[in-house]
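The values are calculated or read from the model by the stated rules, or taken from the named source; none is laboratory data. In this text, all values refer to a predicted model and were calculated from it rather than measured experimentally. Every residue, glycine as well, gets a Cβ built from its backbone with ideal geometry; the counts of neighbours run over all protein chains shown. Note: areas computed on protein heavy atoms with side chains; ligands, DNA, RNA excluded. Shrake-Rupley method; radii C 1.70, N 1.55, O 1.52, S 1.80 Å.
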Amino acid sequence: MEKPVVNSFADLDLSPIMLRALARLGFTAPSPIQAAMIPVALDGFDVIGQARTGTGKTASFAIPILEMLDPLRENPLPQALVLVPTRELAHQVHGEFERLAYGCPTSVVELSGGKHMDKQLAALRKGCQVVVGTPGRVIDLLQRGALKLSNLWCVVLDEADRMLDIGFRPDIERILRRCPEQRQTLLLSATLARDVLEIA
């Protein structure tokens, strides 16, 4: 079966509100990773994507997640968890989610070290739809009982190879054990070495 040709974001069956947000950002045609990943993710499949930084990989998982979120009033617990290796990347990914969510009220919380713990606790108490965090801070908040993962339907491991290089594998495995078994998993990595595939 031939893959449909994707020349623009309009070919990806996205909502009008998402197409407006993309147009506002000046995004017209999807990058190769976006064209390959977005339709499969929207269909609910688990995906392993190989992509380097700067190829538009954040949007490749943020767009399908934003398209499928329940409104906060219907589901105040996190629906998607994005794990990243560093607080700098957590900040970048959080910002990208907020830009792509333009025009649609969406609550995205960044959980990483170097940020005020009290603010993060308050944000979780208020309710949120997406959590973007580093493994260490996510485990800290899980242990405090402040972060609840029972309503998750999507987990993203972004830059999985870097997280494993830093030594986060035990933390990742602990977090995944706390996530619902019935969920979608999206894994992105610049390389697909054996340890990355084992995590997958």
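How big is Rg to Rh over region 88-193, alpha-carbon atoms, Rh as the Kirkwood inverse-mean-distance radius? Taking Rg over the Kirkwood Rh, I get 0.94. Counting only DSSP H runs of at least 4 residues, each contributing -39500 (n - 2.57), and dividing by the residue count of the chain, the helix-based mean residue ellipticity at 222 nm comes to -13000 deg cm²/dmol. Describe numerically, in nm with one decimal, the distance between label points set 7 Å from Cα along Cα→Cβ at GLN143 and at ASP70. Once both label points are built, they end up 3.0 nm from each other. Principal axis extents of the Cα atoms in region 29-105, from largest to smallest and rounded to whole angstrom, are 35, 30, 23. Ligands, DNA and RNA left out, the 1.4 Å accessible surface of region 78-117 is 51% carbon and sulfur atoms. Name the residue farthest towards the positive end of the dipole of the chain from the options ALA35, THR58, VAL138, assuming +1 on Cβ of Lys and Arg, -1 on Cβ of Asp and Glu, about the Cα centre. Farthest along the dipole direction, towards plus: VAL138. Dipole magnitude for the chain: about 640 debye, using +1 per Lys or Arg Cβ and -1 per Asp or Glu Cβ, origin at the Cα centre. Ranking CYS104, CYS179 by solvent-accessible area of protein heavy atoms (1.4 Å probe, all protein chains present), from largest to smallest, gives CYS104, CYS179. Local charge for PHE97 was computed over the other residues whose Cβ lies under 14 Å away, with Lys and Arg +1 and Asp and Glu -1, and equals -3. Here the calculated FRET efficiency for GLU173 and ALA193, from their Cβ-Cβ distance with R0 = 22 Å, stands at 0.85, rounded to the nearest 0.05.
Label-to-label distance for THR53 and ASP165 is 0.9 nm, based on points extended 7 Å past Cα in the beta-carbon direction. Averaged over its residues, region 113-200 has an accessible area of 49 Å² per residue, based on protein heavy atoms and a 1.4 Å probe. Only Cα pairs under 8 Å and 6+ residues apart enter the sum, and on that basis the relative contact order of the chain stands at 24 percent.
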